[in-house]
Amino acid sequence: MTSSSLALLLRPARTLRDHPLVARYAPVLTMVLALVAIWYVAAVAMNWSLVRDGFEREETPYAMSDVLAGTMDAERPLLPAPHQIASAFLDSVFGYPPLAPRSLVYHSLVTLSATLLGFLLGALFGIVLALLIVHSRVLERSLLPWIICSQMVPVLALAPIFIVVLGALGLHGLLPKSIISAYLCFFPVAIGMVKGFISPDPLQLELMRTWSATPRQVLWKLRWPASVPYLFASLKVAVTISLIGAIVAELPTGAEAGIGARLLSGSYYGQTVQLWSALVAAAVLSSALIALIGLIERETGRRMGAH
Amino acid sequence: MDPRKLRLGFIAATAALALAFLLPLAPQSPPLSAHPIVWPIVGAAGILFLLAARLSDQRATLPGLAGATLAAAASLVLLDDAAVAGAARAGFWMIVMACWLSAALGVVNLAGTHQVRGKLQRALDLLVPLLFGLTVFYLWEVAVRGFGVPPVLLPSPSAAATRFIHSLPTLGADFVQTFVRGVLAGYFIGCGAGLLVAILAHRYAFLGRGLLPLGNFFSALPLVGVAPIMVMWFGFDWPSKAAVVVLVTFFPMLVNAIAGLNAAGHIERDLMRSYGATHSQALTKLYLPAALPFIFNALKINATLALIGAIVAEFFGTPTQGIGFRISTEAGRMAIDMVWAEIALAALAGMAFYGFVTLAERATTFWHPSYRT
Amino acid sequence: AETVTIQLKWVAQAQFAGYFVARDKGFYKEAGLDVTIKPGGPDVAPPQVIAGGGADVTVDWMPSALASREKGVPLVNISQTFKKSGLELTCRADTGIKKPADLKGKTLGVWYGGNEYPFLSWMSKLGFKTDSSPGGVKVIKQGFNVDPILQKQADCVSTMTYNEYWQVIDGGYKPSQLVVFKYEDEGVATLEDGLYVLEKNLKDPAFVAKMAKFVKASMKGWEYAKAHPDEAVKIILAADSTGAKTEKDQKRMMGEIGKLLGDADGKLDVKDFDRTVATLMSGGSDPVITKKPEGAYSFAIYEAMKK
Amino acid sequence: MPKPSLSIPDEPIADHAPRRLVVDAQSISLTFDTADGRVEALSDVNLQVAEGEFVSFIGPSGCGKTTMLRVIADLQQPSSGTLMVNGMSAEGARLARSYGYVFQAPALFPWRTIEKNLKLPLEIMGYSEIEQQQRVERYLSMVNLTGFERKFPWQLSGGMQQRVSIARALSFDPALLLMDEPFGALDEIVRDHLNEQLLQLWKSTGKTVLFVTHSIPEAVFLSTRIVVMSPRPGRIIDVIDCDFPAERSLEIRETPEFLKVAQRVRNGLRAGHSYDE
Amino acid sequence: MPKPSLSIPDEPIADHAPRRLVVDAQSISLTFDTADGRVEALSDVNLQVAEGEFVSFIGPSGCGKTTMLRVIADLQQPSSGTLMVNGMSAEGARLARSYGYVFQAPALFPWRTIEKNLKLPLEIMGYSEIEQQQRVERYLSMVNLTGFERKFPWQLSGGMQQRVSIARALSFDPALLLMDEPFGALDEIVRDHLNEQLLQLWKSTGKTVLFVTHSIPEAVFLSTRIVVMSPRPGRIIDVIDCDFPAERSLEIRETPEFLKVAQRVRNGLRAGHSYDE
Ligand SMILES: Nc1ncnc2c1ncn2[C@@H]1O[C@H](COP(=O)(O)OP(=O)(O)OP(=O)(O)O)[C@@H](O)[C@H]1O
Ligand SMILES: Nc1ncnc2c1ncn2[C@@H]1O[C@H](COP(=O)(O)OP(=O)(O)OP(=O)(O)O)[C@@H](O)[C@H]1O
Ligand SMILES: Cc1ncc(C[n+]2csc(CCO)c2C)c(N)n1
Ligand SMILES: [Mg+2]
Ligand SMILES: [Mg+2]
C-alpha cells in the first residue's frame, strides 16, 4: 500500500460512502462485478450450441439444465466462464512452486524480464531519438519518415530472420526478445516526446533565449519538465506494447518459456482455459506495470506542483 | 553546413575513389583501371567531388549528389560482374564509401537550406527524406550483393522491387483485404471507442475510476493470444482482424485522450463554468480542442499499430488473401523477395495513412505552440 | 567434444523423441558429441536458421527443403527419419463427405507456410480450384489448432496423425463421426521429417564424419524411443520448459510417431524422393519447385558411417 | 487604521433598502490548504451589494480580491459562511448565467480567432447567428478592435487580448459583471475611454458591477462604493461610499471631493500594507 | 500632432555624448505576415540609448512597444534596419547575457516553486548554490514575497506572480534591463514602493533601463527620457527629456515641472490615438 492511501485510511470520514478508500475502489468493484455478470451471460450464450452439439453427438438424452451446466465447465469453450479462468489461473499461479515450468509465475517472470529490458531500451531509444529530432532539422527531415516507415514493418514477419541474424552474432536468450520488444515500443515514446519537447509555451522558450541558455539547459530545465505529461502517456502505451512485443518475440525464439510459449502451447494442445489464464496473466502483468507508472506519475506530479 | 567540414568531406570522398584504383576490387577481378566503362565513371565522380570541395557551400550540393549518383552507378555495374558479386574487397567498398559520404554530405547540406520559401521548401521537405532513403537502399543493395548474403535471409531491394512490380494484382488484392477492410474498420471503431470511453471517464469520475483499470486490463491482452480467439469468435475473414485492431488501438487512444482532456487550462475551465456551460458544450468548445494534440498523438501511433495488428492477426487464420497471410506463407516457401514486396506495400500504405493523419493534425492544431513559429 | 546444433522444425515434443532420448541417454556423448537442440515453432523457418549459421543440421520437411534449395539455400537430405507422412485431412462426417470428390464446395482448413503443397497437388489432381471460385473448394489458412472444425467454421481441417487428430477426438468427436483422408493413401504424400545440412559443408570430410556420428547416435536414440516409449515420453516431459505438455498427449504422439518411422538406418528411399518431387511439381498453377532438383540428397553420411 | 471590519457603509443605507440584494455574503472565510501550510485568503468577510451598485475592490496584491470574486462566481467554495447571489445560491446563480466574468488574465482560446472567441459565450447561450455577428461587431468596436476579427490571440498585443476578454464578458449582456483588473494592461487613454464606456453602460442598463482595480482614481471615479481589503488574513478593512453625480465626467477627478475620497482609500490601502515606509 | 518621427531628443545631447551607446537602432522596421494580411508593427524606428539612461516607452495598446523590446532582445528579427546592442549585434548581446527581460506576462514555470523559479537564471548562468540562495532571499524580500519560497506559481495571486518575475529578471544583475509593463498588475502602494526600489537600484548601479509602462506619472517619475509611440504603423512620435534631480522622491509628482512633462506625454499619447473624443 502506498503512503498516500495509508494517509487516506487514517483520516476520519463522515460516513462509509465518503471514505476515501471506498470512493476509490467502489467504482472499480462495481465495474468488475458488472463485467463478471455480463461475462457469465455471454458464456452461456456463446457456449450453448457447442455444448448442445456435444450432447447430440453423444446421443444421450439431455435437459436444458444439463446444457446450462455444460456451458459453465466446458473443456474447450468459446468463452470460458469467469470461475473457470479464475480457478485455472489460481491453480497455475499457486498450484506449483513458482519456478516450476508449469507455474504461470515462472512464465510471467520470463516474459517480464524481456519486457522490462525491452521497455527500458525502447523508452531510452525513443527519448534519444526525440531529442535528436527536436534538435536537428536534418535528422527531423530525413529520419522521421523512415522511422514511421519502420513501424509499418510487421515484426512477426521479420522476427525469425532477426533472431537468426542475432544468433549468428552470438546473441541468445533475453536480448533478442528484448530488442524486438524495444523495436515495437520505442515509437510511441519517440512520437510523444517529440510533441512533448516542442510543447513548452513560446514565452518560456523566449525567456530561456534571453538568458542565452545552452540547448542542454533548455532541455533539462524547460523541455524535459514540460514534456512530462506526454512522457507518462507515452510510457503507459509503450509498456503495454513492450509486453506484447516480448510475447510476440517468444514465438520465433522457439517458444521455450514465457507467456507467449504458454499461449502457443495452450492453443496447440487445445487447452482453452489454460490459454485464457495465460491471457489473464499477461493482462495482470501489464496492468501492474501501468499502475506502477501511474504511481510514479502521480508522485512526479505532486513534486512538480500539479493540482 | 560548416564549409570547412564540407570541403574536408568531399576531399575524403575523392581520396576514397583514388584508393579504389589502387586496392583490389575482388580476389578474382582485375583492378578498376581494367574495367573499360567503369573507371571513366569513377573518374568523373572524382572530378565532381573536387568541384564540390572547391565550392564548399550551398552550391556544392549539386555536384556532390551528381558524383554520388555516378559512384553508385559504377559500383552497381561492378556488381554485375560475377567475380565481384559476393566477394567484394576493399577497392569496391571504397567506391561505396565515397558514394555514401558524398550523398550524406549532400543531404545534410540540402536539409540545412533555410533561405527558400513556399513551394521550393515543400519540395525540399520531400527530397531530403527521399535522398536519405535512396542512400539507405543503395547501401542495402551493395551490402547484400557485395557480401553475397543468402537471399533467403535478406533479398536485395532491387529483387524485392522487381517482385513488387511483377505481383501487382496479388498485392492489390492483399491491400484491399488487409487495409481497406480490416485496418480501416478496426481503426475507426477502436479510436472512436477509446475517445468515447475517455470522454465518459472524464465526465463521470465514478466511471473513470471504474473503467480505466478495466481499459488497461483489456488492452494489455497480447495480440498473439487474442488473435486466435477473435478468429474463433468472428470467423476467418476480415471482421476478426478488425476486432484485433480495435483492441490494439483502443488503449493508446484512451490514455492519450484522457491526458488531453486534462490538459485544458484552469482559467479556461473556470471561464466555461462562469458561462454555466453544459458538459457537452464545455466538451466541444474547450476540452476536445485542448485535447486535440494528444488525440492526434494517439491517432498517429494507432495508424502504425493498426497495420501491424491486422497483419499479425492474419498469421493466425485467414482466407487465402491479405498482407499478413502472404507474408507468412511466402516466408514458409522461402520467397523472401515476395515477403519484402509485401512489407513494402504495408510500409507504403502505412506511410500514406500516417501522412494523412499528420495533414489533418496540422490543419486542426495549427494553434498549438508546437506548430506556431 | 565436437559440438553439433540441431534446429527442430516444431516445438519440442515426441515428434522429435529420438534426439532428446539420444541426448538424455548419453548416446551423443558416447559418440564424442556435444549436441544443442533448438526447438522450433510456428515462425521458425529451419532453412533460414541454417543459412544464417544458427545450426549445423536441421529437421525439415522435404517440400520446404526443396523450395529453399531453389531459392538459393542448397539444403541436402542426409537422412530420412520418417518413412511415412502423418498429414491428413479430417472432416466431420455430418457434412456428408465420404470420398475426396465430395470435398467440392466445402470449406477446408489448410496449413500454409510451406505445408500447403501436398494439399494443392491433391486438389489439382482432383480438378478442384482452390481460389474460392465456383466448382472448387474454399480454403482457409488454419492456425496451429483444430478450432475451425470444432467451431464448425470449416468442414475439414488439416491434422497430423500424431497430434491434431487427437485434439479433434478430445474435442468431443468419436472416430466414427469423422472422415479422414490420409495423404499417404491419396498418393500425394510428401516426405516429412528428415535431416538436412548445407551442401557446401558436405565437401568438408571433418563435417561429414561429425554428421555420421550424429546420425548414428540419433538413430540409436530413435531405436531406443521406439522400444521404450514410456521412458521416451518421460524424457520429453522432463525437457519441456513450457509446462503445457501432458503425458497423455505425448504418449499418444509417441505411439503414432512410431508408425511413421522407417527402417532402423533411416536411409532415404529414392522412390519416395521421386514421388515427392512429382507431387510438388504438379502443384497447380504455382508449383513450389519448377525443375527437378539435382543433388538434393546425399548418401555420403551413410558411406562415412560404414567406415 | 480603522479597526472594525465593516460590511455596511458608515452612511445610512436607507436609499439602498428598497433595492434587491444581488450579493449577500455573510462571514465568508476561505482557507487554502497547501503543502507547506494553510493560507487564509478570506476571513470573516461580510458584504451586501444591492442591484445597480458599482462596487470596487482595492487592496494590496495578494489580499484576496480575486478569491472574493471567484467565491461569488462559484468558482471556489468558501470554507465557511453563507453566500447568496441574486437570491440564489452561488451555484444556482452561475447555472442561471447571471454574471459575466473578466479574469485577471485574458484566457482566450488559442484555436479560435478573435471573432470566434467573442462568439464563445454567445454560442453557449444559444444566440442566433445574426445576433452573434451583430454583437461581435458592436463590442469589438467598443474596445476599438474592429479589423482584428480574423486574427488569432497570439497575434495580438497584451492589451489587445485583455480588451477582447472584456468585450467577451460584456457581449451576452449579463446583469452582474465581475471584473478582475480589466484595465490593468491598458494605457491611460484607452483606460479613460473604457472607463467612460463602462460608466455609460452601467448607467444606461442598471447593471451591478463588482470591480477589482489597483487604480485609486479609477475606483473613485467609477464606484458607488469602494471596499478596501487587507491581506493575511484577507479582510475588509474599510467600505467607502462615494456617490458622485450620475452624470460625472473625467474632469471630476480634479475636484476636492474626489481627492478627499481618494485620500481615504489611499490611507486604508497603506494601512493594509506591511511596508514601514 | 508633432509630425517628424524623432530619434534624438530636442534638447542638445552633449551630456550623453561621452557615454557609450547601449542601444543603437537605425530605421528599424518590422512587419508581421499573417494569414489575413500584413501588420506593420514597427516602421522606421530610430533610437539611441546611452549607458545609464532610463528610457520609458509609452503608447497606445498595440503600438509596438513589446515588439520594440523584443527586437532589442533579439527575440524577433526586424524586417529591415540595423541594430547594435552594447556595440554588438543583438544576437551577440543576447548570447553575452547582457540584459534581463521582464515579460508582460509573468511566464513562471508551473513545475518550479517560487524559489526555484528565481534560481532558474542563476542555475543557467552557473552561480554557486550559496550565491543562488542569497540572491533568492535578497530579491524576494525586495518584492516583499519572503515566506512564499515553497509555493507554486498557481498558488500566488496575479500581482504576486508578476513580482516574482521582476525579481527573477533582477536576480542576475544585468547591466541592461528590458521591462515590459512590470508593474501593471500591482496596487498603488506596492507600485510606488517598487518604483522607488527600482530608482534606487538604477541610481546605485548605473544600469540602463528600457521600460514599457502605461502610467504617465510612473514614466515621468522614473525616466531620463520618454519615448512616445503611435500605432499602425508603430512609430516614434515624440521623445521627451525629463531630467529631474537624481535624488527625487515620490513627492515631486505634485510639482508643476512634473505635471508639465506629464501633460506633454499625455498630448503625445492622445495624438497617437484614433479616438475622436
Ligand atoms: N489556489 C491557491 N492555492 C493556495 N493559495 C492560493 C491559491 N489562490 C490564491 N492563493 C493565495 O490566496 C491569497 C489571495 O490571493 P488572490 O488571488 O485572491 O489575491 P488578489 O487580491 O487577487 O491579488 P492580486 O492583486 O495580486 O491579483 C494569496 O496570498 C495567494 O497566495
Ligand atoms: N506574432 C504576431 N503575429 C502577428 N501580429 C503580431 C504578432 N505580435 C504582435 N503583432 C501585432 O503587432 C502590433 C504591435 O504589438 P505589440 O505587442 O508590440 O504591442 P504593444 O505596444 O506591446 O501593446 P500592449 O500595450 O497592448 O502590450 C499589434 O498590432 C499586434 O497585433
Ligand atoms: C502455423 C502452423 N503451421 C503449420 C502447422 C503444421 N504442423 C503440425 S505439426 C508440425 C510439425 C512438423 O514437423 C507442423 C508443421 C501448424 N500446426 N501450425
Ligand atoms: Mg488577483
Ligand atoms: Mg505589449
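The values are calculated or read from the model by the stated rules, or taken from the named source; none is laboratory data. Computed from a prediction, not measured in an experiment: that's the story for all the values here. Glycine also receives a Cβ, built like all others from the backbone with ideal geometry; neighbour counts cover every protein chain displayed.
So here's what we get for this one:
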quantity	calculated
Test for D:SER157: is it more than 10 Å from ligand 2 (Cβ to nearest atom), polar (S, T, N, Q) and touching a Gly at 6+ places or on another chain (Cβ under 9 Å)	no
Subset of region B:203-245 (residues that are at the interface with another protein chain (Cβ under 7 Å from one of its Cβ atoms) and polar (S, T, N, Q))	B:ASN216, B:SER219
Answer from C:LEU195, C:LEU191, C:LEU202 - the residue that is among the hydrophobic types (A, V, I, L, M, F, W, C), assigned to a loop (DSSP other than H, G, I, E, B) and touching a residue at least 60 places away in the same chain (Cβ under 8 Å)	C:LEU191
Qualifying residue in region A:261-271 (condition: in a helix (DSSP H, G or I) and farther than 27 Å from A:PHE162 by Cα)	no
Among the residues listed as E:ILE130, E:ILE124, the single one being touching a helix residue (DSSP H, G or I) at 6+ places or on another chain (Cβ under 6 Å) and of a type in the set (A, V, I, L, M, F, W, C)	E:ILE124
Residue tally, condition surrounded by fewer than 14 Cβ atoms within 10 Å (Cβ to Cβ), at pLDDT 80 or above and closer than 22 Å to C:GLU199 by Cβ, over region C:270-307	7
Tabulated pairs, region A:287-303, first in the same structural domain as A:SER242 (by the TED database), second in a helix (DSSP H, G or I), C-beta under 6 angstrom, 6+ apart or interchain	A:SER287/B:ASN216; A:SER287/B:PHE217; A:LEU289/A:VAL239; A:ILE290/A:LYS236; A:ILE290/B:ASN216; A:ILE293/A:LEU235; A:ILE293/A:LYS236; A:GLU297/A:PHE232
Condition met for E:VAL102 (β-branched (Val, Ile, Thr), crowded, with 17+ Cβ neighbours inside 10 Å, within 26 Å of E:THR213 (Cα to Cα) and in contact (Cβ under 8 Å) with a residue 60 or more places away in the chain)	yes
Qualifying position, being at pLDDT below 90 and either among the charged types (D, E, K, R) or assigned to a helix (DSSP H, G or I) (or both), among C:VAL49, C:VAL73, C:VAL44	C:VAL49
Region E:256-277: number of residues that are over 21 Å from the mean Cα position of the chain (by Cα), modelled with pLDDT of 80 or more and within 11 Å of chain D (Cβ to nearest Cβ)	1
Candidate set from region C:232-249 (those that are free of Cβ contacts under 8 Å to residues at least 40 places away in the same chain and either among the β-branched types (Val, Ile, Thr) or surrounded by 23 or more Cβ atoms within 10 Å (Cβ to Cβ) (or both)); member that is nearest to the other protein chains (Cβ to nearest Cβ)	C:ALA244
When residues of region A:82-117 are limited to those that are touching a Phe, Trp or Tyr at 6+ places or on another chain (Cβ under 7 Å) and more than 14 Å from chain C (Cβ to nearest Cβ), the one nearest to C:ASP240 (Cα to Cα)	A:ILE85
Positions within region E:113-129 being more than 16 Å from ligand 1 (Cβ to nearest atom), closer than 21 Å to E:GLY147 by Cα and not hydrophobic (A, V, I, L, M, F, W, C), in sequence order	E:LYS116, E:LYS119, E:PRO121, E:GLU129
Selected residue (criterion: nearest to ligand 1 (Cβ to nearest atom)) from residues of region D:21-63 that are charged (D, E, K, R) and either out of contact with any strand residue (DSSP E or B) (no Cβ under 6 Å at 6 or more places or on another chain) or away from chain E (no Cβ under 14 Å) (or both)	D:ASP33
Options B:VAL183, B:VAL246; residue that is part of a helix (DSSP H, G or I), under 23 Å from the mean Cα position of the chain (by Cα) and surrounded by fewer than 24 Cβ atoms within 10 Å (Cβ to Cβ)	B:VAL246
Criterion violated by D:ILE114 - all others in (1) away from ligand 5 (no atom under 15 Å from the Cβ); (2) more than 7 Å from every other protein chain (Cβ to nearest Cβ); (3) buried (at least 23 other Cβ atoms within 10 Å of the Cβ); (4) within 22 Å of the chain's Cα centre (by Cα) satisfied	(4)
So B:PHE315, is it buried (at least 23 other Cβ atoms within 10 Å of the Cβ), assigned to a helix (DSSP H, G or I) and within 10 Å of chain A (Cβ to nearest Cβ)	yes
Qualifying positions in region D:200-216 - crowded, with 20+ Cβ neighbours inside 10 Å and more than 16 Å from ligand 4 (Cβ to nearest atom)	D:TRP202, D:LYS207, D:THR208, D:VAL209, D:ILE216
Long-range neighbours under 8 Å by Cβ, at least six apart or interchain, first residue more than 12 Å from chain D (Cβ to nearest Cβ) within region E:126-146, second outside any helix (DSSP H, G or I) and surrounded by fewer than 15 Cβ atoms within 10 Å (Cβ to Cβ)	E:GLU137/E:THR146; E:LEU140/E:THR146
Residue ID - farthest from the other protein chains (Cβ to nearest Cβ), chosen from residues in region D:147-176 that are aliphatic (A, V, I, L, M) and within 16 Å of ligand 5 (Cβ to nearest atom)	D:VAL164
Any hit, region A:139-147, residues being in the same structural domain as A:ALA249 (by the TED database), assigned to a helix (DSSP H, G or I), within 25 Å of the chain's Cα centre (by Cα) and within 30 Å of B:MET334 (Cα to Cα)	yes
Residue among A:LEU292, A:LEU222, A:LEU205, A:LEU235 that alone is more than 9 Å from chain B (Cβ to nearest Cβ), closer than 22 Å to E:PHE152 by Cα and not charged (D, E, K, R)	A:LEU222
Matching residues, region E:212-227, being in contact with an Asp or Glu (Cβ under 6 Å, 6 or more places away or on another chain), part of a strand (DSSP E or B) and within 15 Å of ligand 5 (Cβ to nearest atom)	E:VAL212
Pair list, Cβ under 9 Å, 6 or more apart: region E:184-206 residue more than 7 Å from every other protein chain (Cβ to nearest Cβ), other residue assigned to a helix (DSSP H, G or I) and within 16 Å of ligand 4 (Cβ to nearest atom)	E:LEU194/E:ARG163
Some residue of region B:150-170 being in contact (Cβ under 8 Å) with a residue 12 or more places away in the chain, closer than 30 Å to B:ALA72 by Cα and surrounded by fewer than 17 Cβ atoms within 10 Å (Cβ to Cβ)	yes
All positions within region C:182-197 that are surrounded by fewer than 20 Cβ atoms within 10 Å (Cβ to Cβ) and of a type outside the set (D, E, K, R)	C:GLY187
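The rows are residues; the columns are (1) at positive phi; (2) among the small types (Gly, Ala, Ser); (3) over 15 Å from the mean Cα position of the chain (by Cα); (4) more than 14 Å from ligand 5 (Cβ to nearest atom).
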{"residue": "E:SER43", "(1), (2), (3), (4)": "no, yes, yes, yes"}
{"residue": "E:ILE58", "(1), (2), (3), (4)": "no, no, no, no"}
{"residue": "E:THR82", "(1), (2), (3), (4)": "no, no, yes, yes"}
{"residue": "E:LEU95", "(1), (2), (3), (4)": "no, no, yes, yes"}
{"residue": "E:LEU122", "(1), (2), (3), (4)": "no, no, yes, yes"}
